[in-house]
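Q: Pasting a structure below so you can have a look.
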Amino acid sequence: LTYFRLVDHASHAAWIHYDPSDFERTPDPFTQELLADLIPATYRYMDEIVGELVARAGPETNVVVLSDHGFDSATGAWSGGQSELTGNHRPDGLLLAAGPDIVAGGEVTGVSNLDVPPLLFHLAGLPLAATLPGRLPQEVLRGAAARRTPQRADAYAVEWENAGAGTVAGGVEAEALEALAALGYVEGSTAVAGEQESR
């Protein structure tokens, strides 16, 4: 499992240079020319990295690529009150999947990002707990994975603990949480030293 955040950072910071049409202000020409290709270049770079990982994994490996949200300009209702953001999240993301257990070609609609963990667990031969949100998207499966009856469990034996015990000094943790809240990843404000407040 690998998480890449580069596209997210580039889109938040440089959307106005990629597509200035929604903005009242016009970026200065020098910066516009310098950064106009930053977002497409970021996608090309990430495509190369994912391509390398897929090549190393080999054709016998199932590959799932998930973008948990889309992007567009941080204007109007999507500004989030953050003047430093020029791009912001949109509800629709992207799911790409390929491999020996995945239906080849075509387009599948109605799959949520909550459906991805059940898909990954099933592909790995792990049980699906009743407490796991989402559904197993059988429509993307083929071959043995499609024929295999999903394993079920009431719950997972692992107990997850809150790791927010304030181990990072100097307010770094609070700043990181505020940045995540500003980007829409965390709801509410979280105090350091393990004390949490929900908004």
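Q: Going residue by residue through region 35-45, is there one that turns out to be over 17 Å from S11 (Cβ atoms) and open to solvent by less than 40 Å² (accessible area, probe 1.4 Å)?
A: No, there is no match, as no residue in region 35-45 is over 17 Å from S11 (Cβ atoms) and open to solvent by less than 40 Å² (accessible area, probe 1.4 Å).
Q: Taking the conditions exactly as written (within 20 Å of the chain's Cα centre (by Cα), open to solvent by less than 70 Å² (accessible area, probe 1.4 Å), within 30 Å of I16 (Cβ to Cβ) and at pLDDT below 90), does G80 satisfy them or not?
A: For G80, the condition - within 20 Å of the chain's Cα centre (by Cα), open to solvent by less than 70 Å² (accessible area, probe 1.4 Å), within 30 Å of I16 (Cβ to Cβ) and at pLDDT below 90 - is met.
Q: Does region 55-66 hold any residues that are in a loop (DSSP other than H, G, I, E, B), out of contact with any Gly (no Cβ under 7 Å at 6 or more places or on another chain) and free of Cβ contacts under 8 Å to residues at least 40 places away in the same chain, and which are they?
A: G58
Q: Tally the residues that are assigned to a helix (DSSP H, G or I) and in contact with a Phe, Trp or Tyr (Cβ under 9 Å, 6 or more places away or on another chain), restricting the search to region 132-150.
A: The total comes to 0.
Q: Taking region 112-125 as the region of interest, how many residues are open to solvent by less than 40 Å² (accessible area, probe 1.4 Å) and closer than 28 Å to F71 by Cα?
A: 4
Q: Any residue at all in region 41-52 that's aromatic (F, W, Y) and in a helix (DSSP H, G or I)?
A: So far as region 41-52 goes, yes, one or more of its residues are aromatic (F, W, Y) and in a helix (DSSP H, G or I).
Q: Quick check on region 19-29. Is at least one of its residues surrounded by 10 or more Cβ atoms within 10 Å (Cβ to Cβ) and touching a His at 6+ places or on another chain (Cβ under 9 Å)?
A: Yes, that holds for at least one residue.
Q: Related question: Pull up region 134-171, narrow it to residues that are among the hydrophobic types (A, V, I, L, M, F, W, C) and under 23 Å from the mean Cα position of the chain (by Cα), then point me to the one that is modelled with the lowest pLDDT.
A: So, considering only residues that are among the hydrophobic types (A, V, I, L, M, F, W, C) and under 23 Å from the mean Cα position of the chain (by Cα), the one modelled with the lowest pLDDT is A163.
Q: I'm checking my understanding of the structure. Among residues of region 126-152 that are among the small types (G, A, S) and farther than 15 Å from V63 by Cα, which one is least open to solvent (accessible area, probe 1.4 Å)?
A: Per the stated criteria, the residue is A129.
Q: Shifting gears a bit: Can we say A55 is surrounded by 15 or more Cβ atoms within 10 Å (Cβ to Cβ), out of contact with any helix residue (DSSP H, G or I) (no Cβ under 6 Å at 6 or more places or on another chain) and either more than 24 Å from A181 (Cβ to Cβ) or not β-branched (V, I, T) (or both)?
A: no
Q: Under the condition of being open to solvent by less than 70 Å² (accessible area, probe 1.4 Å) and in contact with a His (Cβ under 9 Å, 6 or more places away or on another chain), which residue from region 84-100 is farthest from R25 (Cα to Cα)?
A: Within region 84-100, the match that is farthest from R25 (Cα to Cα) is G93.
The values are calculated or read from the model by the stated rules, or taken from the named source; none is laboratory data. These numbers come from a predicted model, not from an experiment. For neighbour counting, all protein chains shown are included, and Cβ atoms are generated from backbone atoms with ideal geometry for every residue, glycine included. Areas reflect the complete protein model, heavy atoms only, side chains present, ligands, DNA and RNA absent. Shrake-Rupley method; radii C 1.70, N 1.55, O 1.52, S 1.80 Å.
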